[in-house]
Each structure stands twice: as structure tokens, then as C-alpha cells.
Amino acid sequence: MKLQTPENILRIIPYPPGKPLDELEREYGISDSIKLASNENPWGPSPKAVQAIAEMLTGLHRYPDGSSYYLTQALARWTGADPEEIVLGNGSNEVIEFLIKAFVNPGDEVITSHPSFLMYQKFVQVRGGENTIIELRDMQHDLATIAESVSEKTRLIFIDNPNNPTGTLISKEAFATFMDALPETVIVVLDEAYVDFVAEEERIDILSYVHNSQNKPGLVSLRTFSKAFGLAGLRVGFGIMPQEIADLLHRVRQPFNINLPGQVGALAALADKEHYTKTLQETTQGLKWLSEQVGRLGCIPYPSHTNFFLIDVNGDATRLYEAMLYKGVIVRSMKTYGFPSFIRITIGTTAENIRFINALKECLNELGYV
């Protein structure tokens with residue numbers, strides 16, 4: 001077999017998936033481990049979502065609704081957007097792929113920050129586009145440099161807000177200044193995967209940009225059911241955008257891209273305000289407690305507007321990550337992100353948070369970091 005593979009595909013480094021939890025436990029000889037590495041919802045999905053999915057399982061021989069009509073209508077009520085301004089994806093990363101398919105040709109430029117979500121750049125590589133990567137400044141998106149980097153070839157700008165992995169947030173005033181500095185030929189994609197955890201008064205008014213896009217850059221907001229709604233396993237995300245952009249994305253969207261359990265589960269999760277509110281409240285309380293405890297251990301916790309936060313452990317983060325594994329606590333080393341002494345952890349349940357602090361204290365002492 002002689003493969004004629006395009007050079008842009010050969011240059012792509014595959015997304016590094018984590019090992020299954022069972023495999024990690026077998027490899028390290030541990031059991032009853034807790035996973036605080038993937039920013040998932042530790043309280044699980046809405047019981048109403050689980051029940052709704054169970055009740056529809058006998059209908060799996062039917063194709064799902066290709067337009068996701070009922071879920072789209074519910075999202076319109078939830079967000080205040082018009083149904084025609086919403087595009088659903090198999091996770092919000094599929095909406096990212098739609099945007100790049102629709103607007104990027106080989107040689108076109110896309111601006112992203114580093115560190116941020118790796119898939120922005122990978123989708124651009126697949127398309128044959130050129131990535132312009134702007135380093136964070138003081139753990140924040142460098143909006144001024146991003147604006148200065150826009151050229152005639154720039155088609156899209158991806159900004160995760162809050163940022164992953166830093167948890168930092170762009171102010172409404174800074175974002176308005178940034179948008180005013182851009183040409184109307186550019187589309188700004190604001191990845192708001194963690195926006196549910198942001199205080200409402202600090203959130204950017206997305207609809208004011210979506211509904212007033214004439215002679216201004218287009219704005220797309222990406223959202224997901226994977227975090228606050230606890231449905232990461234169903235892979236349901238969506239974008240809010242001007243109808244002109246949405247119409248183009250539907251041209252590149254495959255039919256039936258949201259499966260039947262995903263549509264039913266997400267619809268039921270939207271209706272369970274109690275579970276959603278509990279997740280936000282528990283996350284806020286857990287973040288406050290964990291930050292205080294981490295500081296008492298001699299580490300440096302960083303403020304966050306998400307369900308995760310960074311910790312400077314004053315030593316090699318990867319060594320600490322490995323030591324924590326033997327305690328049955330899975331965290332994320334930030335060494336490959338350019339933060340060699342940082343780990344990132346997800347806010348867990350009360351029991352998980354206590355276990356993390358106890359394991360962290362033991363590992364810090366064993367490694368001599370404190």
C-alpha cells in the first residue's frame with residue numbers, strides 16, 4: 001500500500017486521549033480512584049435526563065430528528081436567541097469544525113491563543129489553513145496583539161472565555177474594545193464552554209453582538225452540555241450566531257449529527273433547573289474551600305471563573321501528578337502547556353475534595369516541595 005497523504009495531515013499530532021480509569025487503576029495497582037483531571041461534572045447527569053433517555057431506548061431503531069427541533073426551541077427559550085441563530089453539534093467541537101469547513105480555505109489564517117483548546121488548531125491544519133498563535137499575557141488572552149495580528153487572510157479568531165487551562169475571564173469592556181478594533185470580514189468565535197460558572201453580571205452580552213452585526217465582525221458563541229449539565233458522554237453542544245452564519249454551517253453539517261439519546265437527554269437536562277443550580281452552587285463552594293486549603297499547604301491557587309483551577313505546587317508538576325496517581329487521585333499536569341510547576345484540578349464532590357487535599361499534603365511532603 002502506498003498512501004498519498006497530504007503534508008498538512010502528516011504534520012498533525014493526534015489529540016492525546018487519557019487512559020480509561022479502569023486501565024489506570026490496573027497499571028498503578030490502585031482501586032476506588034477519583035478523577036479530577038477532565039473538568040467533568042462530579043454530581044453526574046440530571047436524574048430527569050437519565051429517566052428520559054431510559055424511556056426512549058425502545059425507539060433506537062428510528063433515526064433522530066435531523067433538525068433537533070424540540071431541543072433547538074428549548075435552547076432558544078433558555079438563551080433568548082432565535083431558533084434560526086442556533087446550530088447544534090456533536091459536542092461544541094463539531095461546531096468548531098463546521099466553522100472552519102465553511103470559512104477557511106487552504107492558505108487562509110486563523111488566530112488562536114496558547115494555551116487554549118488544542119482542537120482549534122488541529123481543525124485548521126486538516127483544512128490546510130495557517131495557524132497564527134498568540135501567547136497568553138499574564139494568563140490572559142492578549143487581545144491587543146490578536147487584533148494587531150489580523151491580516152487580509154484572517155478568517156476566524158478563536159477565544160475561549162473563560163480560558164482553559166487558566167480559568168481567566170475577559171471583561172465586557174475589554175471585549176467591546178477588541179471587537180471595535182477588528183474588520184467586519186473576521187468572525188470571532190467565543191468559546192464559552194464554562195460560561196455557566198461565570199457570575200451573570202460578568203458575562204458578555206452575546207446577543208447584543210449577534211443581533212447587531214451589520215458593519216461589524218460576526219460573533220459566534222459556543223456552548224456545551226458537557227460541563228454544568230453533566231452530559232459529557234452524550235456529546236451535545238451548540239453555537240449561537242447571526243442567522244447568516246448559521247445558514248452556512250447547516251450547509252456543511254451532516255444530517256442526524258445529534259443522536260436520539262443526546263436530543264432527549266439534553267432537553268430533559270434543560271428542564272431540570274434544580275440539578276443545574278445545585279451544580280453551580282456546589283462548584284462555587286468547592287472552589288472556595290479548595291483554594292483556601294491549597295494555600296495552607298504552601299501552594300499557590302489561582303483564581304478561576306470555571307469548575308477547575310490551577311495550582312502552583314512549587315515543584316515538578318509531572319512528578320506530583322504521578323505521585324498522586326499512586327494515591328488514587330487523578331489530576332492534570334500543566335507541564336506540556338508551558339507551566340512546569342502547575343497542576344489543574346476539577347472541583348469534585350465534598351468527599352473527593354477532602355481526599356484530594358489529604359493526598360496532596362502527603363505527596364508534597366514525600367517530594368519535598370514544601
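Which condition number does residue 152 fail, the rest of (1) more than 18 Å from the chain's Cα centre (by Cα); (2) among the charged types (D, E, K, R); (3) crowded, with 19+ Cβ neighbours inside 10 Å being met?
(3)
If you go through region 261-313 one residue at a time, how many are in contact with a helix residue (DSSP H, G or I) (Cβ under 6 Å, 6 or more places away or on another chain), assigned to a helix (DSSP H, G or I) and charged (D, E, K, R)?
So the answer is 0.
Matching residues to (1) modelled with pLDDT under 90; (2) charged (D, E, K, R); (3) surrounded by fewer than 21 Cβ atoms within 10 Å (Cβ to Cβ):
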site	(1), (2), (3)
19	yes, yes, yes
50	no, no, yes
55	no, yes, yes
84	no, yes, yes
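Give just the number: which of (1) under 26 Å from residue 101 (Cβ atoms); (2) touching a strand residue (DSSP E or B) at 6+ places or on another chain (Cβ under 8 Å); (3) not basic (Lys, Arg) does residue 231 not satisfy?
With respect to (1) under 26 Å from residue 101 (Cβ atoms); (2) touching a strand residue (DSSP E or B) at 6+ places or on another chain (Cβ under 8 Å); (3) not basic (Lys, Arg), residue 231 is out only on (2).
Determine if region 81-90 includes at least one residue that is in contact with a Ser or Thr (Cβ under 7 Å, 6 or more places away or on another chain), farther than 14 Å from residue 262 by Cα and β-branched (Val, Ile, Thr). Give the steps one after another, and end with the answer.
From region 81-90, those in contact with a Ser or Thr (Cβ under 7 Å, 6 or more places away or on another chain) are 83, 86, 88; that's our starting set.
Those left that are additionally farther than 14 Å from residue 262 by Cα: 83, 86.
Narrowing further to those that are β-branched (Val, Ile, Thr): 86.
The answer is yes; a qualifying residue exists.
In region 326-339, is there at least one residue being exposed (fewer than 15 other Cβ atoms within 10 Å of the Cβ) and on the phi > 0 side of the Ramachandran plot?
Within region 326-339, one or more residues are exposed (fewer than 15 other Cβ atoms within 10 Å of the Cβ) and on the phi > 0 side of the Ramachandran plot.
Scan region 60-75 for residues that are among the aliphatic types (A, V, I, L, M) and either surrounded by fewer than 13 Cβ atoms within 10 Å (Cβ to Cβ) or farther than 20 Å from residue 239 by Cα (or both) and jot them down.
Taking region 60-75 as the starting set, the residues that turn out to be among the aliphatic types (A, V, I, L, M) are 60, 71, 74-75.
Of everything in region 60-75, just one residue is among the aliphatic types (A, V, I, L, M) and either surrounded by fewer than 13 Cβ atoms within 10 Å (Cβ to Cβ) or farther than 20 Å from residue 239 by Cα (or both), namely 60.
When region 91-115 is examined, which residues are found to be out of contact with any helix residue (DSSP H, G or I) (no Cβ under 9 Å at 6 or more places or on another chain) and free of Cβ contacts under 8 Å to residues at least 60 places away in the same chain? Reasoning before the result, please.
We begin by selecting, within region 91-115, every residue out of contact with any helix residue (DSSP H, G or I) (no Cβ under 9 Å at 6 or more places or on another chain); these are 92, 94, 107.
Within region 91-115, 107 is the sole residue that qualifies.
Please return the ranges of helices (runs of 4 or more DSSP H) entirely within region 43-107 where 2 or more residues are under 30 Å from residue 155 (Cβ atoms), in contact with a strand residue (DSSP E or B) (Cβ under 8 Å, 6 or more places away or on another chain) and of a type in the set (Val, Ile, Thr).
On the way: elements: 47-56, 69-79, 92-103.
Because the criterion is at least 2 residues that are under 30 Å from residue 155 (Cβ atoms), in contact with a strand residue (DSSP E or B) (Cβ under 8 Å, 6 or more places away or on another chain) and of a type in the set (Val, Ile, Thr), the helices (runs of 4 or more DSSP H) in region 43-107 that meet it are 69-79, 92-103.
Table: residues versus (1) closer than 21 Å to residue 271 by Cβ; (2) of a type outside the set (Phe, Trp, Tyr).
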position	(1), (2)
61	no, yes
67	yes, yes
78	yes, no
87	no, yes
93	no, yes
98	no, no
104	no, yes
116	no, yes
125	no, yes
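Could you check how many residues of region 271-306 are closer than 21 Å to residue 115 by Cα, in contact with a strand residue (DSSP E or B) (Cβ under 6 Å, 6 or more places away or on another chain) and in contact (Cβ under 8 Å) with a residue 24 or more places away in the chain? Even if it seems obvious, please write down each step before you answer.
So in region 271-306, the residues closer than 21 Å to residue 115 by Cα come out as 300-306.
Next cut, in contact with a strand residue (DSSP E or B) (Cβ under 6 Å, 6 or more places away or on another chain) only: 300-302.
Restricting the remaining residues to those that are in contact (Cβ under 8 Å) with a residue 24 or more places away in the chain gives 302.
Residues in region 271-306 being closer than 21 Å to residue 115 by Cα, in contact with a strand residue (DSSP E or B) (Cβ under 6 Å, 6 or more places away or on another chain) and in contact (Cβ under 8 Å) with a residue 24 or more places away in the chain: 1 in total.
Out of the residues in region 100-145 meeting the condition of being of a type in the set (Val, Ile, Thr), under 22 Å from residue 239 (Cα atoms) and modelled with pLDDT of 95 or more, tell me which one is surrounded by the fewest Cβ atoms within 10 Å (Cβ to Cβ). Don't jump to the end; show me each part of the working.
Residues of region 100-145 of a type in the set (Val, Ile, Thr): 100, 104, 110-112, 124, 126, 132-134, 145.
After this cut, where a residue has to be under 22 Å from residue 239 (Cα atoms) as well, the list is 100, 104, 110-112, 124, 126.
Checking which are modelled with pLDDT of 95 or more leaves us with 100, 104, 110-112.
Details: 100: 24, 104: 21, 110: 27, 111: 25, 112: 24.
Top of the filtered list is 104.
The values are calculated or read from the model by the stated rules, or taken from the named source; none is laboratory data. In this text, all values refer to a predicted model and were calculated from it rather than measured experimentally. Methodologically, a virtual Cβ is constructed for each residue, glycine included, from the backbone with ideal geometry; neighbour enumeration extends over all protein chains shown.
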